[in-house]
Amino acid sequence: MVRVIGFLVGLVFAGVLLISLVSNAATYFASPPEATAAEEFHEHAKPLKLASDGPFGKFDTRQLQRGFQVYAEVCAACHGLNLVAFRDLKALGYNEAEIKKIAADWKTEVPSINPDTGEAATRPALPSDRFPDPFPNEVAARAANNNAFPPDLSLIAKAREGGAAYTYSLLTGYQNQPAELVHKFPDAKTPEGLYYNPYFPNLNLAMPPPLTANGQVTYADGRPATIDQMAKDVSAFLEWTAEPKLESRRAAGLAVAIFLLIATILGYLAYRQIWQEAKRKVRVTGVLDPANQAKNRRAKAKSGVAG
């Protein structure tokens, strides 16, 4: 009786779900939801080719140095890099003296404690310090950026879909809002204090265009610093900050793959060498065992059972 009641309850529940599904599907097709401005005008990241792409890619240290220049002279005014230490710049080709100078000359000092008074203070950065945040706290950051909180850029290439390509597209994607968008979605006009960028998820962001003119940064290697080149370089640099051990990780993975391949081949050859003369012997058991079949026949004959 309990099983019958349970079956009926389950049947009723399944019926309600089916009716709800059919009803919602009918409603959706009868009056589909209207597209939003973000859905219609948002664009996917533009393709970006970097030296670190692919399973055998390696970072271009010259490009990373240029990207660090762009970060230091443009992005560091608002965005922190608090998962990267100054001494990590050694991987970009800087020597110890250069790293010490970069740390000591960094525009934002490191929070510290005055040893004489015990009060909060600041001091010049050391190579062992991480890049300090440009603002003392989130409230100060929002107050200086139209109530928007600039994200830390240490892992931004991993935190955004598209990675470095997204960063590059965003930096080069600022433009006037299309008249077609305003005509079709009058309520989606870019608010005062925000900037239209089709590569940003909701199309409008509080960050003004950081790269505004060619030559905004003077590259140490003499390469022309166009807006497009600066955007590529800083995107490559942020790809490195998000995964600085990329090359060693790929090298370790390749070594493991080669080892497993060789071990597999040696294991197969050893198997063939050891067992090539052996013959498989199948031991018959159960009802197919001749001894068991003889016992069954004797038992049947004794009991007078046919067969």
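Some notes on this structure:
- Tally of residues being part of a loop (DSSP other than H, G, I, E, B) and either surrounded by fewer than 18 Cβ atoms within 10 Å (Cβ to Cβ) or acidic (Asp, Glu) (or both) across the range 212-243: 14
- Selected residue [out of contact with any helix residue (DSSP H, G or I) (no Cβ under 7 Å at 6 or more places or on another chain), under 21 Å from residue 68 (Cβ atoms) and outside the structural domain of residue 58 (by TED's automatic domain parsing)] from 108, 117: 108
- Number of the condition not met by residue 142 [criteria: (1) farther than 22 Å from residue 233 by Cα; (2) part of a loop (DSSP other than H, G, I, E, B); (3) without any contact (Cβ under 8 Å) to a residue 60 or more places away in the chain]: (2)
- Residues that are farther than 15 Å from residue 215 by Cα and assigned to a loop (DSSP other than H, G, I, E, B) within the range 50-76 comprise 50, 51, 52, 53, 54, 55, 56, 57, 58, 59, 60, listed in sequence order.
- The criterion of being surrounded by 11 or more Cβ atoms within 10 Å (Cβ to Cβ), part of a loop (DSSP other than H, G, I, E, B) and not polar (S, T, N, Q) holds for residue 209.
The rows are residues; the columns are (1) modelled with pLDDT of 80 or more; (2) exposed (fewer than 10 other Cβ atoms within 10 Å of the Cβ); (3) hydroxyl-bearing (Ser, Thr, Tyr).
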{"residue": "3", "(1), (2), (3)": "no, yes, no"}
{"residue": "9", "(1), (2), (3)": "no, no, no"}
{"residue": "15", "(1), (2), (3)": "yes, no, no"}
{"residue": "23", "(1), (2), (3)": "no, no, yes"}
{"residue": "27", "(1), (2), (3)": "no, no, yes"}
{"residue": "31", "(1), (2), (3)": "no, yes, yes"}
{"residue": "43", "(1), (2), (3)": "yes, no, no"}
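- Checking each residue in the range 51-64 for being surrounded by fewer than 20 Cβ atoms within 10 Å (Cβ to Cβ), of a type outside the set (Gly, Ala, Ser) and in contact (Cβ under 8 Å) with a residue 24 or more places away in the chain picks out 55, 56, 58, 60, 61, 62.
- For residue 270, the criteria (1) in contact (Cβ under 8 Å) with a residue 12 or more places away in the chain; (2) assigned to a helix (DSSP H, G or I) hold in every case but one, which is (1).
- Note on the range 90-103: residues that are touching a helix residue (DSSP H, G or I) at 6+ places or on another chain (Cβ under 9 Å), over 27 Å from residue 140 (Cβ atoms) and assigned to a helix (DSSP H, G or I) total 7.
- The range 153-186, subset small (Gly, Ala, Ser) and in a loop (DSSP other than H, G, I, E, B), residue nearest to residue 231 (Cα to Cα): 173
- Counted residues, the range 114-130 - those being surrounded by 10 or more Cβ atoms within 10 Å (Cβ to Cβ) and without any contact (Cβ under 8 Å) to a residue 24 or more places away in the chain: 6
The values are calculated or read from the model by the stated rules, or taken from the named source; none is laboratory data. Quick caveat: nothing in here was measured; it's all calculated off a predicted structure. FYI the Cβ positions are ideal-geometry reconstructions off the backbone, even for glycines, and counts take in every protein chain you see.
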